[in-house]
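The values are calculated or read from the model by the stated rules, or taken from the named source; none is laboratory data. All values derive from a computational prediction rather than experimental measurement. Every residue, glycine among them, receives a Cβ derived from its backbone with ideal geometry; neighbour counts consider all protein chains shown. Protein only, heavy atoms only, side chains kept; ligands, DNA and RNA dropped before computing areas. Shrake-Rupley method; radii C 1.70, N 1.55, O 1.52, S 1.80 Å.
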There are 2 protein chains.
Amino acid sequence: MYEQPVTFDFDMTTGLCMQQPGMVRHLSYMKDMFCDEQAFAELVKENPLIYTFYDMAAPATDLDLAFGTSICQPGTVGQEYFMTKGHYHEVFGTAEVYYCLQGRGMMMMETLEGLWCVKELVPGRMVYVPGGWAHRTINTGTEPFITFYVFRGDAGHDYATIEDKSFRKMVIEEDGSPVVVDNPRWKQQEI
Amino acid sequence: MYEQPVTFDFDMTTGLCMQQPGMVRHLSYMKDMFCDEQAFAELVKENPLIYTFYDMAAPATDLDLAFGTSICQPGTVGQEYFMTKGHYHEVFGTAEVYYCLQGRGMMMMETLEGLWCVKELVPGRMVYVPGGWAHRTINTGTEPFITFYVFRGDAGHDYATIEDKSFRKMVIEEDGSPVVVDNPRWKQQEI
């Protein structure tokens, strides 16, 4: 398919691709990822959409690039903002670029060695996620938080490490503003 | 620098990076690239800005990604629309992704084997340039044509092949609309 040039439309307001359905992640898919279990149990009855992203089927080679949009909905589970599951890349050292198209949010990042970093994103701002940094997008605003991402075609996703260990830090709403705090769910890496 | 996450702002209206100056290419830099030599000779006296792009100094490795915006100004040299020089990648099989943020234009692409392809870009549309395809952006609109691009950090640029051979096709304005025609400047590849 990608031996020939190809175009796709990702609407700049909704983030949605016009040629292909996205992968949707509702709250029930995020069990054990949010801190407040009681709030989770309550909200999961409605099971709201948390985020949408795309697998555009670019060839999984080191010469190709995977790309698409990530659309994280606004909202909180208790005090914790809606967010993506987050992942490392399977080809561990591969980087990723996210360009923010709409909304307001944060990229939460950390390494297995104990570094962490959070960057705020607004439309027009991009973040470079270097190789070896797990990353999760968090919607701290009131409208969908939309980014356009690109990574190496063969990078792959390791979700399991984050499912098991979570991130060291989390972003919660306090007095209407986002605050970065320690994540009680975080388990120390055994390395 | 890129061992840590980093952000940059690329204004969505102007395309300009707020942290670093761009690389500017005025018409005098584009000698022998436009078809109409007389129109070139006349316009080069004013030497207008043709395009701006960025080298954000991401590490030149196969794990990293190079990125930035390309901003092609509106205008023509004779009938031929303002455009970028165009290039192959030095690491020949590496792909590139362009996401259009503003304006209206075309991505002209071709291979050494004789395939060619042109795709129209409007805001929200992205084009996947597969490995082995030379590519050039062309502004067919009346405002700056702005794209955000990402490619592998070590891909590099081969401008010399296009400087020597040009592209098979070019885009000219006829009755106010863009038309793709044979490029008299094109020289057959010797392969």
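Of the residues B:L101, B:L115, which single one is within 27 Å of B:M12 (Cβ to Cβ) and either open to solvent by 40 Å² or more (accessible area, probe 1.4 Å) or within 14 Å of chain A (Cβ to nearest Cβ) (or both)?
Working: B:L115 fails: within 27 Å of B:M12 (Cβ to Cβ).
Being within 27 Å of B:M12 (Cβ to Cβ) and either open to solvent by 40 Å² or more (accessible area, probe 1.4 Å) or within 14 Å of chain A (Cβ to nearest Cβ) (or both) holds for just one of B:L101, B:L115, which is B:L101.
Inside region A:154-165, can you point out the residues that are surrounded by fewer than 22 Cβ atoms within 10 Å (Cβ to Cβ) and assigned to a loop (DSSP other than H, G, I, E, B)?
If the condition is that a residue be surrounded by fewer than 22 Cβ atoms within 10 Å (Cβ to Cβ) and assigned to a loop (DSSP other than H, G, I, E, B), then A:D154, A:G156, A:H157, A:Y159 are the ones that fit.
Go through region A:101-142 residue by residue and tally those that are farther than 19 Å from B:D64 by Cα, in contact with a strand residue (DSSP E or B) (Cβ under 7 Å, 6 or more places away or on another chain) and assigned to a loop (DSSP other than H, G, I, E, B).
Qualifying residue count for the region: 7.
Of the conditions (1) open to solvent by 20 Å² or more (accessible area, probe 1.4 Å); (2) on the phi > 0 side of the Ramachandran plot; (3) within 11 Å of chain A (Cβ to nearest Cβ), B:G93 fails just one. Which one is it?
(2)
Would region A:126-136 turn up any residue that is surrounded by 24 or more Cβ atoms within 10 Å (Cβ to Cβ), within 26 Å of A:L63 (Cα to Cα) and of a type in the set (D, E, K, R)?
Within region A:126-136, not a single residue is surrounded by 24 or more Cβ atoms within 10 Å (Cβ to Cβ), within 26 Å of A:L63 (Cα to Cα) and of a type in the set (D, E, K, R).
Does region A:71-88 include one or more residues that are over 21 Å from B:D11 (Cα atoms) and facing another protein chain (nearest Cβ under 9 Å)? Reasoning before the result, please.
We begin by selecting, within region A:71-88, every residue over 21 Å from B:D11 (Cα atoms); these are A:72-88.
Next, only the ones that are facing another protein chain (nearest Cβ under 9 Å) stay: none.
Scanning region A:71-88, I find no residue that is over 21 Å from B:D11 (Cα atoms) and facing another protein chain (nearest Cβ under 9 Å), so the answer is no.
Filter region B:166-183 down to the residues that are open to solvent by 30 Å² or more (accessible area, probe 1.4 Å), of a type outside the set (D, E), under 16 Å from B:V77 (Cα atoms) and at pLDDT 95 or above and list them by number.
Of everything in region B:166-183, those that are open to solvent by 30 Å² or more (accessible area, probe 1.4 Å), of a type outside the set (D, E), under 16 Å from B:V77 (Cα atoms) and at pLDDT 95 or above turn out to be B:K169, B:S177, B:P178, B:V179, B:V180, B:V181.
Looking at region B:65-84 only, could you name the residues that are of a type in the set (S, T, N, Q) and open to solvent by 20 Å² or more (accessible area, probe 1.4 Å)?
B:Q73, B:T76, B:Q79
For region B:3-44, give me the residue count where each residue is on the phi > 0 side of the Ramachandran plot and open to solvent by 40 Å² or more (accessible area, probe 1.4 Å).
Counting residues in region B:3-44 that are on the phi > 0 side of the Ramachandran plot and open to solvent by 40 Å² or more (accessible area, probe 1.4 Å) gives 1.
Return yes when A:M109 is within 10 Å of another protein chain (Cβ to nearest Cβ) and either of a type in the set (G, A, S) or over 30 Å from A:A39 (Cβ atoms) (or both) and no when it is not.
Judged against the criteria, A:M109 is not a match.
Looking for whichever is within 14 Å of chain A (Cβ to nearest Cβ) and touching a residue at least 24 places away in the same chain (Cβ under 8 Å) here; the options are B:P48, B:P123, B:P59. Which one fits?
B:P59
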